1. Long-range amide H contacts for B:N12: which residues qualify at under 5 Å (H placed 1.01 Å from N, peptide plane, sequence gap of 5 or more or a different chain)?
2. Between the DSSP loop rule and a limit of at most 14 other Cβ atoms within 10 Å, which chymotrypsin sites (Phe, Trp or Tyr not before Pro) in the stretch B:1-88 are left?
3. First check a/c for chain B, with a ≥ b ≥ c the square roots of the eigenvalues of its C-alpha gyration tensor; if it is under 1.5, answer rounded, and if not, answer prolate when a/b is larger than b/c or oblate otherwise.
4. Which Cys residues of chain B have no other Cys Cβ less than 4.7 Å away and so no disulfide-compatible partner by this rule?
5. Pop a pseudo-label 7 angstrom from the Cα along the beta-carbon direction at both A:S80 and A:D26 and give the gap in nm to one decimal.
6. Work out how much length B:N65 to B:E15 would gain on full extension: take 0.36 nm times their residue separation and subtract the Cα-Cα distance, in nm to one decimal.
7. Which pairs, out of A:K57/B:K2; A:K3/B:K107; B:K42/B:K107; B:K42/B:K79; B:K45/B:K107, put more than 24 Å between their alpha-carbon atoms?
8. Can you tell me the Rg and the Dmax, both Å, for the Cα atoms in the protein assembly as shown?
Amino acid sequence: DVKVTQSSRYLVKRTGEKVFLECVQDMDHENMFWYRQDPGLGLRLIYFSYDVKMKEKGDIPEGYSVSREKKERFSLILESASTNQTSMYLCASNTGTANQPQHFGDGTRLSIL
Amino acid sequence: RKEVEQDPGPFNVPEGATVAFNCTYSNSASQSFFWYRQDCRKEPKLLMSVYSSGNEDGRFTAQLNRASQYISLLIRDSKLSDSATYLCVVRDSGTYKYIFGTGTRLKVLA
């Protein structure tokens, strides 16, 4: 079974802090994704990576950056956290082969106070 | 118009009932289709991929109608444990982008 692990289930941070969310997958997947999920809005793509050191902006990249130094690890960084970044953050991965579904981590529920 | 649309529900059905959800998509070039299940405050989990000829997995049947641009999910003999939100996901041809619907909530009642 594919295992996607996110570093924290719950996280509370303060406005202005730099926040790191980590995601690790154990299936040698090429593609990794970061989403946020908010009530009524569904999942929205923040960033995508298709290889080590490669990244693409998603639909809502503002206020976020990412890092992929190793194939198995994809980090999401909130440069200066704001209250509107309070959300559920979901990491996903899949192979580079067409038509493959994504596999999700447990999610991180982040609160910015 | 949203790229992927679902009726938010909730669909309240008795145990043992058959229930069906539809999901419409706007891009005719869409290539891959999936149904995910999401329990409250949990991550989405893949329920099934949707193939052109339709496919079945136990009590679950998925269909694709390219002409009308919708996919469907049929659940037979509903169980209490089927209560969840069902997400429709569409991937466009030639892109990495997966578009998620906002989900249809199902409640199976005893």
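1. Excluding prolines and chain starts, which carry no amide H, the hits are B:K107.
2. Working: sites: B:F11, B:F21, B:Y25, B:F33, B:F34, B:W35, B:Y36, B:Y51, B:F60, B:Y70, B:Y86; in loops: B:Y51.
Of the chymotrypsin sites (Phe, Trp or Tyr not before Pro), the ones in loops of the stretch B:1-88 whose Cβ has at most 14 other Cβ atoms within 10 Å are B:Y51.
3. It is prolate, given that a/c is not under 1.5 and a/b is the larger ratio.
4. By the Cβ distance rule, which asks for a partner under 4.7 Å, the isolated cysteines are B:C40.
5. Reported label-point gap for A:S80 and A:D26 is 4.0 nm.
6. Working: separation 50, 0.36 × 50 = 18.00 nm, distance 2.81 nm.
Separation in residues times 0.36 nm, less the Cα-Cα distance, equals 15.2 nm.
7. A:K3/B:K107
8. 17.7, 51
None of the figures in this text is laboratory data; all of them are computed from the coordinates on show. Here the structure is a predicted model, which means the values were calculated and not measured. Every residue, glycine as well, gets a Cβ built from its backbone with ideal geometry; the counts of neighbours run over all protein chains shown.
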